[in-house]
Amino acid sequence: MNSIHYPIIIMLLFLIVGVSNPVIKKKFDNIEKSILMSTFFVAIALAFYTFLYVNIEGPFFYNFGNWGRKFGIEFAIDGFSSLLSLLILILSAIIVWYSFRDIGHEMDDENFISYYTIVFLLIFSMLGITFSNDLFNIYVFMEILSLTSCGIISIKHKRVNFLASFRYLILNTLGSLSFFFGIALLYMVTGHLNIVEMNIAIQEVWQVTPTNILLATGFMFIGLAIKSALFPMHVWLPDAHSSAPSPSSALLSGLVVKVYIFTMAKIVFNVLGKEISQALDIDLFLSIFAAISMIMGSIFAIAQKDIKRMLAYSSVAQIGYMFLGIGIATELGLAAGFFHIFSHALMKSALFLSAGAIIYKKDLRDISRFDGLGYELPISMSVFTIAALGMIGIPGIVGFMSKFYLAEAVILAGKPYYVVVILLSSFLNAVYYLPIIISAFIKKDPDREKILEIDDIPRSMYTSMIIIGFCMILFGMFPNLLMNTIINVVPTFIN
Amino acid sequence: MELIKELLDHINYVGSATLFVIGLYTVLTHSNLLKKVIGINIMETSIFLFFVSIGYISGGITPIIIPGSEDIIYVNPLPSTLILTGIVVALSITAYSLSLIMRLYKEYGTLDMDKIMELRSDGQDE
C-alpha cells in the first residue's frame with residue numbers, strides 16, 4: 001500500500017476503535033487493554049514510518065478524493081506535523097498505559113470503557129488539527145477536541161468536576177466561536193479556506209484591506225489564547241486541570257494546549273506569512289502577552305497549596321515560552337518555541353503522573369504535608385524531581401535546553417529584555433518547585449517507620465513514569481536528536 | 001446620508017456583528033447557566049448569518065446548473081454547506097452543556113452561577 005495514506009489510516013484507526021469499543025465490549029478486562037495498546041502500537045509504527053518517509057522524500061500534501069486544493073479537503077504532512085503526531089501518539093500511549101490502574105481510583109467501574117472512547121476521539125481530533133491544511137477543518141476538529149477534553153474532566157462524577165467542565169466548555173466555545181469569526185473574515189477577503197490558497201490571496205490583497213486581516217487575526221488569536229490558556233484568558237485552566245483525573249490532566253496539560261499553539265504558528269506563518277504579520281505588528285502582540293503570561297503564571301503558582309493546582313498555574317507560565325518563540329519570529333526563535341512544545345509535554349506529563357501516583361497511594365494533595373515523601377515513594381518523587389528541576393532549568397534536563405535556545409534566539413533577534421523575563425520566570429519556578437523537593441527528601445516525617453521502601457504502586461504506573469523520566473534526561477543530554485529535525489523544518493514556516 | 005446608505009447596504013454584516021455582541025454580553029454578564037447557553041447559541045447564529053451573507057450575491061439563483069443557459073449568476077454554495085456542519089457542532093455543544101447543567105442542578109440545587117460559587121467557597125466540596 002502506498003505510504004502517503006498512513007496519516008489518515010492512523011486517524012481512522014482511532015476513530016473506529018474508539019467508537020466500536022463500547023459496542024463490542026461490555027467489561028473492562030485484559031482483552032480490552034490489549035486492544036487499546038495494540039492500536040497504539042500499530043499507530044506509532046505507522047506514524048514513525050510517515051516521519052521517516054517525510055524526512056527522506058520531503059513533505060507532501062494529501063488530497064481527499066483527488067478533489068484538488070480549491071475544492072477539496074487537504075492534509076499537509078510536513079516534518080513538524082509528522083513529528084508532533086509521533087509525540088502525541090507516544091506520550092498518550094504512555095499516559096493510557098499509566099491510566100489502566102489509576103482510573104480505578106478516580107471513577108466508577110461502568111465508565112472505564114467510555115473513558116477510553118473519549119480519549120481515543122481526543123487523540124483523533126488532535127491528530128486532525130496537526131495534519132489539517134484547511135482552516136474550516138481545523139475548526140471542526142477543534143470543536144471535537146473541546147467537547148472531548150471537557151468529557152474527560154466530567155467523567156469523574158464529582159460536583160467540582162461538573163462545574164470545572166461547564167466553565168471550560170463555555171470558555172472553550174467562546175474561543176472556538178471567536179476563531180470561527182476570524183475564519184469568516186478571512187474567507188470574506190480571500191474566498192478560500194485552504195491555507196496555501198489563502199496565503200497566495202492574502203499576499204495580493206493585504207494592503208487593500210489591512211483592517212480586515214488584522215481583525216481576523218485578532219479574533220483567531222483571542223480564540224486560540226483562550227483555548228491554550230494564555231495569561232488573562234487562563235481562568236478555566238486551574239479548575240479544569242486540577243479536578244480532572246490525573247491521566248486526563250496529563251493529556252490536557254501535556255498535549256491538548258500544544259495543538260492550539262501549533263495552530264497559532266500555522267496562522268501567523270503559513271496563512272499570513274512572516275512579512276505581513278510583522279507589518280501588522282502581530283508578533284509584537286504575541287510577545288507581550290507571552291511575557292506577561294510567563295511572569296503572572298509563576299506568581300499565581302507560588303500561592304497554591306494544592307499540588308495539581310500549582311502544576312496547572314505552572315502550565316500558564318510555560319505556555320508563555322512557546323508563544324514567545326512564535327512572537328520572536330526568527331528561525332531559531334520558532335525552533336526554540338517548537339522545542340519547548342516537546343520538552344514541556346514531557347515534563348508536565350511527568351509532573352502530573354507523579355502527582356497522580358502520590359494521590360493514588362497517599363491521598364495527599366496539600367504541598368505542606370509532603371515531608372519525607374521521597375523515602376516512601378522514591379520512584380515517583382525522583383521523576384517529580386527530575387521534571388521540576390527541568391522546569392527550573394537545571395542543565396542536563398530537557399527544560400534547560402529549551403530555555404537556552406530561547407534565550408539565544410531572543411539575544412540574536414536583538415530583544416535582550418526578554419532574557420530578563422526568562423530568567424525571572426525561571427527564578428519564580430525555583431521558588432515554588434524547590435520547597436517541595438526539599439521537604440520530600442530532606443525533612444523528616446515523624447510518623448514514618450521504615451528508612452526506605454520502594455513505591456508500593458502498580459507496575460504500569462511506575463514503568464510509565466520511568467520511561468518519561470528517561471526521555472527527559474536523554475533529550476536533555478542530546479537535544480540535537482530533536483533539534484536537528486526541528487531546525488530543518490522551521491525554514492518552511494518562516495519563508 | 002452616506003453612512004446610513006453604507007449601513008443599509010451591509011445590513012447583514014451589521015446585524016451579525018450586533019448579534020455577536022449581544023450573545024457575548026449575555027454569556028459574560030448573566031449568572032444563570034441556561035442564559036449562558038442561550039448566549040452561546042445567539043453568538044453561533046450570528047456567525048452563521050455572517051458566513052451565509054458572504055456567499056450571497058444579489059440577483060443570484062440557487063446553484064443548480066441548468067443545461068443550455070450560460071449567463072446565470074449562482075449564489076456561492078460553499079458557505080451554506082459549511083454552516084450545515086457548523087449547525088451540527090452547535091447542536092452537540094448545546095446538548096452537552098444542557099446535560100452538564102442537569103447534573104449541576106442535581107448537585108447544587110440551583111442554576112445560579114453566583115450561588116454555586118458561594119456554595120463552593122463555603123467549603124462544601126469534596
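Computed from the Cβ-Cβ distance with R0 of 56 Å, the FRET efficiency linking A:Ile394 to B:Thr62 stands at 0.25. Filter the chymotrypsin sites (Phe, Trp or Tyr not before Pro) in segment B:1-97 to those in DSSP coil with at most 13 other Cβ atoms within 10 Å of their Cβ, and list the result. Qualifying residues, ordered by number: B:Tyr56. A Förster radius of 25 Å, combined with the Cβ-Cβ distance separating A:Phe71 from A:Leu15, puts the computed FRET efficiency at roughly 0.60. A dipole drawn for segment A:322-385 from +1 and -1 charges on Cβ atoms has a positive end, and of A:Leu332, A:His344, A:Ile367 the residue lying farthest that way is A:Ile367. A compact globular protein would have a Cα radius of gyration near 2.2 N^0.38 Å; the ratio found for the protein assembly as shown is 0.97. In straight-distance terms, cross-link reach from A:Lys308 covers every one of the aspartates and glutamates whose alpha-carbon lies under 12 Å from its own, apart from those fewer than eight places away in the same chain; here that gives A:Asp239, A:Asp366.
Rounded to 0.05, the FRET efficiency of the A:Arg459 and A:Phe404 pair, given R0 = 30 Å and the Cβ-Cβ distance, is 0.25. Look at where the Cα atoms of segment B:21-44 and of segment A:259-282 average out, and the two centres are 30 Å apart. Note on B:83-95: average number of Cβ atoms from other chains within 10 Å of each residue's Cβ is 3. Angle of helix B:33-55 to the longest C-alpha principal axis of chain B, folded into 0 to 90 degrees and rounded to 10: 10°. Of the residues A:Met465, A:Ile436, A:Ile295, the one whose Cα sits farthest towards the positive end of the charge dipole of segment A:284-495 is A:Ile295 (charges of +1 on Lys and Arg Cβ, -1 on Asp and Glu Cβ, taken about the Cα centre).
The spacing between segment A:362-421 and segment A:172-219, judged by their C-alpha centroids, is 38 Å. Taking only the alpha-carbon positions of segment A:284-495 and ignoring solvent, what does the Debye formula give for the base-10 log of I(q)/I(0) at q = 0.12, 0.17, 0.18 Å⁻¹? Computed log10 I(q)/I(0) values: -0.61, -1.10, -1.19. Working from Cα pairs under 8 Å separated by at least six residues, relative contact order for chain A is 14 percent. Axis angle, to the nearest 10 degrees, between helix A:282-302 and the longest C-alpha principal axis of chain A: 10 degrees.
In this rough spin-label picture, where each label sits 7 Å from Cα along the Cβ direction, the A:Arg101-A:Gln207 distance is 6.6 nm. Stretching the chain fully between A:Ile438 and A:Ile292 yields a gain of 49.7 nm (0.36 nm per residue, less the alpha carbon separation). Inter-label distance, B:Leu3 to A:Tyr375: 7.7 nm, where each label sits 7 Å from its Cα along the C-beta direction. The long axis of helix A:459-477 is offset from the longest Cα principal axis of chain A by roughly 60 degrees.
Residue ranking by accessible heavy-atom surface, 1.4 Å probe, largest first, among A:Met472, A:Met188 comes out as A:Met188, A:Met472.
Within the same chain, aspartates and glutamates fewer than 8 places from A:Lys156 are excluded, and of the rest, those with a Cα less than 13 Å from its Cα are A:Asp102, A:Glu106, A:Asp108, A:Asp109, A:Glu110, B:Glu126. For segment B:2-121, averaging the sequence separation of C-alpha pairs within contact (under 8 Å, six or more residues apart) and dividing by the residue count gives a relative contact order of 23 percent. Charging the Cβ of each Asp and Glu at -1 and of each Lys and Arg at +1, and nothing else, the dipole of segment A:342-495 about its Cα centre rounds to 300 debye. Using only the Cα atoms of segment A:290-363, build the gyration tensor, take square roots of its eigenvalues as a ≥ b ≥ c, and label the shape rounded, prolate or oblate: rounded if a/c is under 1.5, else prolate if a/b is larger than b/c, else oblate. In terms of gyration-tensor shape, oblate. Taken along the Cα-to-beta-carbon direction at a fixed 7 Å, the label points for A:Val196 and B:Lys115 span 5.7 nm. Spatially, segment B:85-99 and segment A:4-76 are offset by 26 Å when compared through their Cα centroids. The charge dipole of the protein assembly as shown, taken about its Cα centre with unit charges on the Cβ of Lys, Arg, Asp and Glu (plus for the first two, minus for the last two), comes to roughly 980 debye. Between the amide H of B:Asn32 and those of B:Met113, distances stay under 5 Å, these residues lying 5 or more places away or on another chain, with hydrogens modeled in the peptide plane. Scaled against the 2.2 N^0.38 Å expected of a compact globular protein of N residues, the Cα radius of gyration of segment B:1-102 reads 1.39.
The values are calculated or read from the model by the stated rules, or taken from the named source; none is laboratory data. As the structure is a computational prediction, the values presented were derived from the model and not from experiment. Note that we place each Cβ from the backbone using ideal geometry, even for glycine, and neighbour counts take in every protein chain shown. Ligands, DNA and RNA are stripped out before the accessible areas are found, and what is left, the full protein with its side chains, is counted by its heavy atoms. Shrake-Rupley method; radii C 1.70, N 1.55, O 1.52, S 1.80 Å.
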